[in-house]
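Q: Just dropping this structure here.
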Amino acid sequence: MDAFVTKISRKRKKLCDAEEAIPSKNEDGGILAEGFTWKKIRAESLNCDYTLLFRKVEADGLFQQLEKEIVYFSGDLSRVQVYGKWHSVPRKQVTYGDDGLTYTFSGLSLSPKPWIPVLNCIRDRVKLATGHTFNFVLINRYKDGSDHIGEHRDDEKELVPQSPIASVSFGACRDFLFRHRDARCKNAVRQIEPVKVELSHGSLLMMNFPTNVYWYHSLPVRKKVLAPRINLTFRNIVPRVKR
């Protein structure tokens, strides 16, 4: 994958300070700030945008803060249901967000913990870069390349229809695979090549509509990866009172 460099117009006074950025509309009507170098990732019904959201020194500091301050779920909340059977999650996970939200997936109904400063800091940078605001984040920590997540689509009923999902990564660079829903089986009805993206330290991947309608994504096992990775997927959830 190409290397990307965030364009910096002046020094930031402290970690995660917001800078002025000139927003511009992309071909899909979304806003991508001009202060960042973007790569468009396109295939049939696949619509993603990728950039380095933080410089390395910032990303290093935020990674250390996340390691110290994030408290992950344990017990029953660290298991998922697959085909009626419960399994331990092959990673650590937790949710943070606004009051009055719930998120249900793999047999779990999760209520978010309140926002903390480091998460607000990252969320503010995502808004600066994209123009989108989010009220919920799912955090996954992968201790090394053995931790993974299988193929799935983020299409839960609680999500605001057609809203993007912002995936921010810190730590080890990992492969992220997209596979079209019509090309996943051995006897697939169509031949559509999978798409691989390398998610670097401090990067942002915007998964725009209709990506999650047609494409499954996964973070496969990579035994050679020995370092941890933390991923934050920012989402917009419909509050319970409005469902």
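The values are calculated or read from the model by the stated rules, or taken from the named source; none is laboratory data. Here the structure is a predicted model, which means the values were calculated and not measured. Positions of Cβ are generated from backbone atoms using ideal geometry, with glycine treated the same way; all protein chains shown enter the neighbour counts. Each accessible area value is taken on the protein alone, full model and side chains, heavy atoms only, with ligands, DNA and RNA left out. Shrake-Rupley method; radii C 1.70, N 1.55, O 1.52, S 1.80 Å.
Q: Considering only residues that are under 30 Å from K143 (Cβ atoms), among the aliphatic types (A, V, I, L, M) and buried (at least 17 other Cβ atoms within 10 Å of the Cβ), which ones fall in the range 160-192?
A: Hits for the range 160-192 are I165, A166, V168, A172.
Q: Out of the residues in the range 62-98 that are assigned to a helix (DSSP H, G or I) and among the hydrophobic types (A, V, I, L, M, F, W, C), state the one that is modelled with the lowest pLDDT.
A: Only one residue tops the list, namely L77.
Q: May I ask you to list the residues in the range 194-220 that are surrounded by fewer than 16 Cβ atoms within 10 Å (Cβ to Cβ) and out of contact with any helix residue (DSSP H, G or I) (no Cβ under 8 Å at 6 or more places or on another chain)?
A: Within the range 194-220, K196, E198, F209, P210, V213, P220 qualify.
Q: For the structure I just gave you, tell me whether R181 is among the basic types (K, R), under 27 Å from V238 (Cβ atoms) and modelled with pLDDT of 95 or more. Even if it seems obvious, please write down each step before you answer.
A: Working: among the basic types (K, R): yes; under 27 Å from V238 (Cβ atoms): yes; modelled with pLDDT of 95 or more: yes.
Taking the combined requirement at face value, the residue satisfies it.
Q: May I ask you to say which residue of K157, K223, K186 is modelled with pLDDT of 95 or more, over 14 Å from the mean Cα position of the chain (by Cα) and not β-branched (V, I, T)?
A: Answer to the check: K223.
Q: Continuing with this model, one more query. With the requirement that a residue be among the hydroxyl-bearing types (S, T, Y), open to solvent by 10 Å² or more (accessible area, probe 1.4 Å) and either more than 16 Å from K92 (Cβ to Cβ) or in contact with a Phe, Trp or Tyr (Cβ under 8 Å, 6 or more places away or on another chain) (or both), what does the range 41-74 give you? So that I can check it myself, show each step before the final result.
A: Of all residues in the range 41-74, those among the hydroxyl-bearing types (S, T, Y) come to 45, 50-51, 72, 74.
Subset that is open to solvent by 10 Å² or more (accessible area, probe 1.4 Å): 45, 72, 74.
Result: S45, single match.
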